[in-house]
Amino acid sequence: MNTVTSKILFERAQKTIPGGVNSPVRAFKSVGGTPVFIEKAKGAYLYDVDGNQYIDYIASWGPMILGHAHESVVKAIQEQAVNSTSYGAPTLLEIEMAELITSMVPNVDLIRMVSSGTEACMSALRLARGYTKRNKVIKFEGNYHGHADSFLVKAGSGLATLDIQTVPGITSGVSVDTLTAPYNDLNAVKKIVEENKNQVAAIIIEPVAGNMGCIIPQQGFLEGLRKLCTEEGIVFIFDEVMTGFRLAPGGAQEKLNIKADLVTYGKVIGGGMPVGAFGGKKEIMEHIAPLGSVYQAGTLSGNPIAMIAGYTMLKELKDNPSIYAELEAKTKYLGDGIEAVLQKHGEKYRINRFGSMISIHFCDHDIIDFDSAAKADIPRFNELFHFMLDNGIYLPPSAYESWFLNNALSYQDLDKTIATIDKFLQQ
Ligand SMILES: *Cc1c(COP(=O)(O)O)cnc(C)c1O
């Protein structure tokens, strides 16, 4: 595949943009090589600046659940744009968006729009702290909640007390308030809560994890956390930036039948525009300014272009819930097909799959948390990534990322993907 123009652009980009990209994973650092520069996308396909076509398994990291440049979304954006792109004053559109979301997610009484998933999680945590008047937060190793300081702490609160920055740029004062536990380990969380009695404001979790491959919560894990939070007065936050409106109209809460106290959104909610949101129980949400004393704001929050894009996307999903069954059937078909070729070649593997999220791990152990994901054969995944890219299939450029299916994918696309993996395994 000829990617000469991408290579020239990557050289040029690095002269004025750190690492040539505006978000690190795009630089292909974990898989190696040069990123391809995208010119346009339509349906299930990406087209790069050299005119190559790729079957897309990233969907812009989730938002493009209906495929790229979905007609109704494009039309809605065009119609709104002529009426100006921002006012900084309230609009009817924001009410319609909030009403649509609360109609799709029954336990969200109030919802505040922001501009990214990072902002949503950061604000939800501030709210939980203001509401409980406690400082600490428990997060899970390998879960990603955006790049706010509190969430970039993986572990090592021991080191943090030495007053050094364990993560460059993040003060020890912040680090000591972030406690971490392995995913799927309820007892570890119980122990932390016990050791920090009446100090934990929130437990935040990806209800189905997508940032260390796709990892499914084991039976009883989320239920146990829910019970613990209720007993201990801890705000239970579901980070549904990835799973919200992707797994079901009501997200992971609906799919897994567990109710969080606060929920954060991003990705699908903006239909490809920069949007995030956090919402939940009225009793907690009422503490946000201007109703309450927890400050949170945004010049472009509820931006009309972003709102119309997100609203149009969510409306399509609400009005056509069969999309979810279609997506799940496609993901199962893909997973089964890949499994068959992996077996045929005597490969050691695990496939984790939930709804329209799927990840393939080269290993002989179950992938249930960050450690088990890290112990898989990462170099082998990187080889697969490059082989697929060279053959017109764009997988996430990291073994630690879930693949996201979009409903524009055809069974022919899936067959081609399976056949290409078969070819990879034959080498
Ligand atoms: C992507 C993601 C975020 C961060 O969202 P941004 O819009 O990139 O800031 C937070 N949480 C989860 C689970 C995510 O997947």
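The values are calculated or read from the model by the stated rules, or taken from the named source; none is laboratory data. Keep in mind that what you see is a predicted model, and the values were worked out from it rather than measured. Every residue, glycine as well, gets a Cβ built from its backbone with ideal geometry; the counts of neighbours run over all protein chains shown.
Summary of values
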read-out	value
Within segment 27-59, tally of residues that are part of a loop (DSSP other than H, G, I, E, B) and at pLDDT 95 or above	10
So Lys348, is it surrounded by fewer than 17 Cβ atoms within 10 Å (Cβ to Cβ) and either farther than 30 Å from Gln80 by Cα or not assigned by TED's automatic domain parsing to the domain that holds Gly266 (or both)	yes
Output for segment 119-147, where each listed residue is modelled with pLDDT of 95 or more, among the small types (Gly, Ala, Ser) and under 18 Å from Glu240 (Cβ atoms)	Ala120, Ser123, Ala124, Ala128
Answer from Ala325, Ala329, Ala289 - the residue that is within 30 Å of Arg380 (Cα to Cα), away from the ligand (no atom under 16 Å from the Cβ) and either outside the structural domain of Leu92 (by TED's automatic domain parsing) or not hydroxyl-bearing (Ser, Thr, Tyr) (or both)	Ala329
Flag if Lys133 is in the same structural domain as Pro182 (by TED's automatic domain parsing), at positive phi and out of contact with any Cys (no Cβ under 7 Å at 6 or more places or on another chain)	yes
Filtered residues of segment 303-347 (kept if among the charged types (D, E, K, R) and without any contact (Cβ under 8 Å) to a residue 24 or more places away in the chain)	Asp319, Lys332, Asp336, Glu339
Candidates Val268, Val341 - the one that is hydrophobic (A, V, I, L, M, F, W, C), part of a helix (DSSP H, G or I), within 14 Å of the ligand (Cβ to nearest atom) and surrounded by 18 or more Cβ atoms within 10 Å (Cβ to Cβ)	Val268
Residue among Tyr311, Tyr295 that is surrounded by fewer than 17 Cβ atoms within 10 Å (Cβ to Cβ), more than 13 Å from the ligand (Cβ to nearest atom) and not aliphatic (A, V, I, L, M)	Tyr295
Top-ranked residue in segment 230-245 [being part of a loop (DSSP other than H, G, I, E, B) and out of contact with any strand residue (DSSP E or B) (no Cβ under 7 Å at 6 or more places or on another chain); ranked as surrounded by the fewest Cβ atoms within 10 Å (Cβ to Cβ)]	Gly233
Meets criteria (among the β-branched types (Val, Ile, Thr) and either at pLDDT below 95 or under 23 Å from Ala277 (Cα atoms) (or both)) for Val208	yes
Residue pairs meeting the criteria (Cβ under 7 Å; at least 6 apart or on separate chains; first over 30 Å from Phe221 (Cα atoms), in segment 363-388; second part of a helix (DSSP H, G or I) and at pLDDT 95 or above)	Leu384/Phe424; Phe387/Phe424; Met388/Thr420
Answer from Asn211, Asn257, Asn187 - the residue that is without any contact (Cβ under 8 Å) to a residue 24 or more places away in the chain and under 20 Å from the mean Cα position of the chain (by Cα)	Asn257
